[in-house]
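The values are calculated or read from the model by the stated rules, or taken from the named source; none is laboratory data. Everything numeric in this text was worked out from a predicted model, so none of it was measured. Virtual Cβ from ideal backbone geometry, glycine too; neighbours counted across all protein chains shown. Calculation scope for accessible area: heavy atoms of the full protein, side chains included, ligands and nucleic acids excluded. Shrake-Rupley method; radii C 1.70, N 1.55, O 1.52, S 1.80 Å.
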Amino acid sequence: MKIGFVGLGNMGAPMAANLAKEHEVVGFDTVVRPDGIVIAANAAEAAAGADIVITMLPNGDILRAVAADIHPAMAKGAIHLDCSTVDVESARAVAAQAEAHNLMAIDAPVSGGIGGAQAGTLTFMAGGADEAFARVKPLFDIMGQKAVHCGPAGNGQAAKICNNMILGVTMIATCEAFVLADKLGLDRQAMFDVVSTSSGYSWTMNAYCPAPGIGPQSPADNDYQPGFAADLMLKDLNLSQMAAQAADADTPMGQAARDLYAEFVEREDGTGRDFSAMLPRFEKRGRS
Ligand code: NAD
């Protein structure tokens, strides 16, 4: 297969490198030129003649601009596979524009982070037509370990922001519970042993414990260097609240999580730290 790949950053470069082991890949990025990938002069050139064009970009506005560039250059019947995390509205607008150019579109944001992109173990949450999903599935199998077809255009983004809203809320709940346990004189290992096998268990406690030295290896054991950065959690929580506003959904916990991550990233020392660094943040504080 001939694949175009636009956006070769932290996630895109390793995803493109994995695809290049089995397919012909031509990439483009406005800033970086990763080794081992054939680089085109611009996005339209990377997209021309490709069976599938993948985008892995920072946000919805950039995705819309790139889509406007590449759609006219793409071959009829080709597929635009967007793996960026963007707002549901942009995903649906880009899919409609693709259709107007006789193309197909899939929105398939990922979970699994940079480690998952490198190892080819990402999870894809996909929105779009059945036929397009079937055609991009072999690429999901190379870049990831799981792909769930969530329905029509935009539903991949919907699934991603709902999942990450739960993740942000749960991480905060886990961190604040550790701090309460500390203040009540409860040993962290005992807290983990109880909660990880009781009804308070969660992925954030059991698989990604925010307390250093407790549970399996996690960013907490590496001075909170990001596996998943607080900045990206804030981005996803912002997207969840934009979507909730547009859909008139009542999401008070998602809103509270958004506000806390905004404070942490924009006014405290959260930038560049893992999203589990909420634990040392709470540790430093009292109730007021
Ligand atoms: P990144 O900033 O490292 O990469 C984005 C790349 O897009 C950059 O290299 C940038 O130069 C390029 N770019 C920007 N505008 C462009 C344009 N007009 N044309 C071509 N290239 C352009 O970001 P990332 O960490 O690779 O994340 C990419 C997407 O994946 C984001 O939507 C992010 O939310 C999502 N995501 C990231 C992670 C993670 O852990 N990093 C996890 C899940 C999802």
- request: Compute the Rg to Rh ratio over the range 1-114 from the alpha carbon atoms, using the Kirkwood formula for Rh, and round to two decimal places.
  value: 0.93
message: Cα atoms only: what Rg and Dmax, in Å, come out for the range 149-220?
response: 14.9, 50
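Taking every pair of Cα atoms in the chain, average 1/r, invert it to obtain the Kirkwood radius, and report Rg/Rh to two decimals.
Details: Rg = 20.1 Å, Rh = 19.8 Å.
The Rg/Rh ratio comes out at 1.01.
Quick one: of LYS21/LYS146; LYS76/LYS160; LYS2/LYS76; LYS137/LYS160; LYS76/LYS137; LYS21/LYS76, which pairs are farther than 22 Å apart, Cα to Cα?
On the way: LYS21/LYS146 19 Å; LYS76/LYS160 29 Å; LYS2/LYS76 14 Å; LYS137/LYS160 18 Å; LYS76/LYS137 19 Å; LYS21/LYS76 26 Å.
The pairs that break the limit, which is 22 Å between Cα atoms, are LYS76/LYS160; LYS21/LYS76.
Taking trypsin sites (Lys or Arg not before Pro) that fall in a DSSP loop and have at most 10 other Cβ atoms within 10 Å as cut points, what is the longest piece of the chain between them?
Details: sites that count: LYS21, LYS76, LYS284, ARG285, ARG287.
Answer from the scan: 77-283.
May I ask you to give the average projected area over all directions of the convex hull of the Cα atoms of the range 49-179, in nm² rounded to one decimal? Numbers along the way, then the final one.
Details: hull surface 33.2 nm².
Mean shadow area of the hull around the Cα atoms is 8.3 nm².
Quick one: order ASP35, ASP61, ASP187, ASP221 from most to least accessible surface, probe 1.4 Å. Write out the running numbers ahead of the final one.
Values: ASP35 145, ASP61 120, ASP187 90, ASP221 55 Å².
Listed by decreasing accessible area, they come as ASP35, ASP61, ASP187, ASP221.
With +1 on the Cβ of every Lys and Arg and -1 on the Cβ of every Asp and Glu, and nothing else charged, how large is the dipole of the chain about its Cα centre, in debye rounded to the nearest 20? Walk me through the numbers on the way to the answer.
Working: 20 positive and 33 negative charges, 36 e Å.
Around 180 debye, computed over the chain.
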message: Using a 1.4 Å probe on the protein heavy atoms, what percent of the accessible area of the chain belongs to carbon and sulfur?
response: 54
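So for PHE228, PHE5, what's the accessible-area order with a 1.4 Å probe, most first? Mind dumping the intermediate values first?
Values: PHE228 40, PHE5 0 Å².
Per-residue accessible area, sorted high to low, gives PHE228, PHE5.
So what is the orientation-averaged projected area of the range 231-288, using the convex hull of its C-alpha atoms, in nm²? Numbers along the way, then the final one.
Working: hull surface 17.0 nm².
Projected area, direction-averaged: 4.3 nm².
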message: Run through the range 173-223 and list the chymotrypsin sites (Phe, Trp or Tyr not before Pro) located in a DSSP loop whose Cβ has at most 15 other Cβ atoms within 10 Å.
response: TYR201
- prompt: So how compact is the range 31-90: Cα radius of gyration and Dmax in angstrom?
  reply: 11.7, 34
- prompt: Which whole-angstrom value gives the distance between the alpha carbon centres of the range 189-229 and the range 82-103?
  reply: 37
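Can you list the DSSP H helices in the chain whose Cα atoms extend at least 24 Å along the helix axis and whose mean Kyte-Doolittle hydropathy is 0.0 or higher? Display every interim value, and only then the final one.
Values: long enough: 155-183 (42 Å, 0.66); 230-247 (25 Å, 0.32).
What comes out of the filter, once short or polar helices are dropped, is 155-183, 230-247.
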task: Could you do me a favour and compute the accessible area per residue for the chain, 1.4 Å probe, result in Å²?
output: 45
- prompt: Rounded to two decimals, what ratio of Rg to Rh does the range 78-126 give with C-alpha atoms and a Kirkwood Rh?
  reply: 1.06
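Restricting things to Cα coordinates, could you compute the convex hull volume per residue of the range 117-183 in Å³?
Details: hull volume 5.8 nm³, N = 67.
Enclosed volume per residue, from the Cα hull, is 86 Å³.
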